[in-house]
Amino acid sequence: MTTLLSLLLGAGPLLLLALNPVHGSDNATLPLVLWHGMGDSCCNPLSMGSIKKMVEETIPGIDVLSLMIGKTVIQDTENGFFMDVNEQVSMVCSQLAQDPKLKDGYNAMGFSQGGQFLRAVAQRCPSPPMKTLISVGGQQQGVYGLPKCPGESSHICDWIRKKLNSGAYTDIVQKHLVQAQYWHDPLNDDLYKKHSLFLADINQERVVNETYKKNLQLLDKFVMVKFLQDSVVDPADTEWFGFLKTGQAKETETLQESVLYKEDRLGLAAMDAAGKLDFLGTEGDHLQFTREWFNGTITNLIPYSA
């Protein structure tokens, strides 16, 4: 929570300026869907709740949906640690499909793990259509380390580390620990591909799901923001879809150097060639950035018309 609070106090107003009105077929501003990160919730008045309110105040007529995973804020926070990610994505897909305000499409912004979860929504649930996806510090290739996480949940993080180190790919850990479902062990690639319930699926590690590939390419833009001094996400290159090279845990490779890209298993090479991928870097730790950066960079990423 500490890092997101810092984001809000230091850069929150510029987040609002970044979200230019995007108009659908009826010339109405397209809605914005937010998915929070680990240790946060949809509606915390010091973080996502305040961001939602400010967006609505800054962009007249915009509808902002800050996703709640569960029936209460407490459940929402807990589910970010303990609810099967596939169930979370399915729940969100159903919610979006039933929302009449989203029928002409929407833009999406995910913070930390919310960034990869919203990508799963784009791949699995193309209706209503997601237009632009902005992943703010999202772990698109998973993580192989959990150095720290938001302060209020530090005791939970200590427990999670022990579980991940003792057996991230056991059935019980995979089914009941969110972070295990995007744990990507380069030293045990076969175990990862076989037992990862979420990440290996959406990243086409086992088979190529042509529907996933087609749906992701429906995006007008996929923006990935990397925090250059990130001490929460390991390796930080995952925020640009890079990762550690298979078989070792020191050297990383970029998305463009990966088999995923070279074989275009997810359509990312085609999107890159079409100018649909943006890789943005900013100084600072996880979810911390300046007003100047957000105002000067993000403002121009979302077009005014769909």
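The values are calculated or read from the model by the stated rules, or taken from the named source; none is laboratory data. Computed from a predicted model, the values in this text were never measured in an experiment. No Cβ is skipped: glycine too gets one built from the backbone with ideal geometry, and neighbour counts run over all protein chains shown. Accessible surface is based on the protein model in full, side chains and every heavy atom, while ligands, DNA and RNA are left aside. Shrake-Rupley method; radii C 1.70, N 1.55, O 1.52, S 1.80 Å.
Remarks
- Pick from region 204-231, criterion in contact with a Phe, Trp or Tyr (Cβ under 9 Å, 6 or more places away or on another chain) and of a type outside the set (Val, Ile, Thr), ranking: farthest from TYR192 (Cα to Cα): PHE227
- Check on SER41, part of a helix (DSSP H, G or I), of a type in the set (S, T, N, Q) and at pLDDT 70 or above: no
- Enumeration of residues in region 229-275 that are over 14 Å from PRO186 (Cβ atoms), open to solvent by 50 Å² or more (accessible area, probe 1.4 Å) and in contact with a Lys or Arg (Cβ under 7 Å, 6 or more places away or on another chain): TRP240
- Restricting attention to region 68-94, the residues that are under 18 Å from the mean Cα position of the chain (by Cα), more than 14 Å from GLY39 (Cα to Cα) and not small (Gly, Ala, Ser) add up to 9.
- Here ASP278 meets each of (1) among the charged types (D, E, K, R); (2) part of a strand (DSSP E or B); (3) within 19 Å of GLN113 (Cβ to Cβ) with one exception, condition (3).
- Every condition in (1) touching a helix residue (DSSP H, G or I) at 6+ places or on another chain (Cβ under 9 Å); (2) surrounded by fewer than 17 Cβ atoms within 10 Å (Cβ to Cβ) is met by ILE51 except one, and the failing one is (2).
- Cβ separations smaller than 6 Å between residues 6+ apart or across chains give the following pairs from region 217-238 residues that are within 14 Å of LEU268 (Cα to Cα) to residues that are open to solvent by less than 20 Å² (accessible area, probe 1.4 Å) and part of a loop (DSSP other than H, G, I, E, B): GLN217/GLY267.
- Neighbours by Cβ (under 7 Å, 6+ apart or cross-chain): first from region 104-129, more than 13 Å from LEU218 (Cβ to Cβ); second open to solvent by 10 Å² or more (accessible area, probe 1.4 Å) and small (Gly, Ala, Ser): ASP104/GLY24; ASP104/SER25
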